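A short worksheet on the structure shown next.
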Amino acid sequence: MPMYRTSRTALAIFTPIMLFLIMVNTVSATMFEAGEKLNISPLHTIDDDLIAWVSHLKVDGTITGDLIAGGYNVDANGSIGGSASLFAYQLKYAGRCDGSLRVMANFADITGQVGRSLLLLSTQPRISPNAVIEGPADVYGDVIQIEGTMRGPVTVGGNEITITGTMEDDVVIKGEHIDIYPPAVIIGTLTYTAKEEGDLVIHPGATVTGEVVFDPIAPKEQQKEPIVDFASVVLAVSKLLAAFLFGIILLWLFRKYAESTFNQLRSRFTIATASGFVTIIVVLVSVLILLVAMGFSLVGLIMIEGDMAAVGAILLIFSLVLVPVSSFAAVSGGLLFYTGKVMFAFLLGYLIIRLIKKQPAVLSKTQLLTGLVILTLLMAVPYLGTVVYLLASIIGLGGIVLGVRHCYIPQGNNSQ
């Protein structure tokens, strides 16, 4: 059954990403962690902000500042003095956050306390009975369960929505099937938008003290609503995190070449662009040669047993020479093409941060994160996104070619 989507869902989806862009200005004063696993024990206290990009994160201790974390599996059970922005495939939140909690995950289970607002985006979000949200809450997803206590106004958008918790303010719901079961209590006005008035069912024993208002969907309005695919958003964020970790590994293994590439992009941008287009043509030719060589190999195997055995042998020998060379060129070109996007992100982040800070550090994680977030947002735009991706990768590829060449040119012969 398709997810029910609204224009506000689009805003909710991109809000966490925009928050990343806003927050990167404070990264220089934070603790940064990246890797496979990170466990913060109950006895551990971080007297600062924490940014973590790990596959598995478990927070049982105390973070006095903000928490920004992304990974496959995130368990946040400790205390957060500031706000938290969490991105994961599977997320469990059972701690306490004095500020706002922003979550984007495929599966999300909220059982803790939130001192301010909640923004929750998930295919299957669940606010468990022990959860307490003190401020406004916005919950968007597919199959939604709300069992906890919501003290502020609540906005819910999804497909199948089940409410058994307590809501102490006005509630706005937009969905296809809405069920309110006991012991649910809604103290305030309940406004719901659905195809039919009967799509909302208040079961015996559930309490709604305020007015219940039905706001039907007009057919024309339904057609104009933008379609936002949650899976594509999760994929985009996953790609962002993968590129970020790739960039960190790149700096660790090849910092000399990365610095040279960055300098070439910054000082010889036009030449880097031209070099990128020439290189991508070479890569495409290598792919074509690889396909032709594989065809020669197939034809050679067929002819080797017939009257044209000599020709078949020649074709096989020819393909045996071309296949390894063209394969290496094609695979290397594809890897460098992807690396080009990461290097371009470094340059883009540097230019953005330089507007705020006169002399930013070169090749910092802040630059990479800023550049990747901007590229991700641009690439989400239809048609324009494809152009942005190709240009960023090609220009970065050209910078890599110039940067590697620059590293091997003797200093006496190098004017750059």
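Bear in mind these aren't lab numbers, they're just calculated from the coordinates by the rules spelled out. Predicted, not measured: the structure shown is a model, and the values here were computed from it. Here Cβ is always computed from backbone atoms with ideal geometry, including for glycine, and neighbour counts include all displayed protein chains.
Numbers at a glance
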item: Restraint check, K174/K195; K256/K358; K256/K357; K37/K58; K92/K239; K58/K239, Cα-Cα greater than 18 Å; result: K256/K358; K256/K357; K92/K239; K58/K239
item: Extension gain (nm, one decimal) between V362 and Y338, 0.36 nm per residue minus Cα-Cα; result: 6.6 nm
item: Label-point separation in nm, S267 to L378, each point 7 Å along Cα→Cβ; result: 2.4
item: Percent RCO, i.e. relative contact order, over region 78-130, from Cα pairs under 8 Å lying at least 6 residues apart; result: 32
item: Region 93-105 - phi-based ³J(HN,Hα) in whole Hz, Karplus 6.51/-1.76/1.60, Gly and Pro as x; result: 10, 10, x, 10, 10, 6, x, 9, 10, 10, 10, 9, 8
item: Label-point separation in nm, F328 to K37, each point 7 Å along Cα→Cβ; result: 3.9
item: Karplus-derived 3J(HN,Hα), 6.51/-1.76/1.60, for each residue of region 387-394, Hz, glycine and proline x; result: 5, 4, 4, 5, 5, 4, 5, 5
item: Contour excess over end-to-end distance, with Cα ends at M294 and V387 and 0.36 nm allotted per residue; result: 30.4 nm
item: Fully extended contour minus Cα-Cα distance, from I249 to D47, at 0.36 nm per residue; result: 70.0 nm
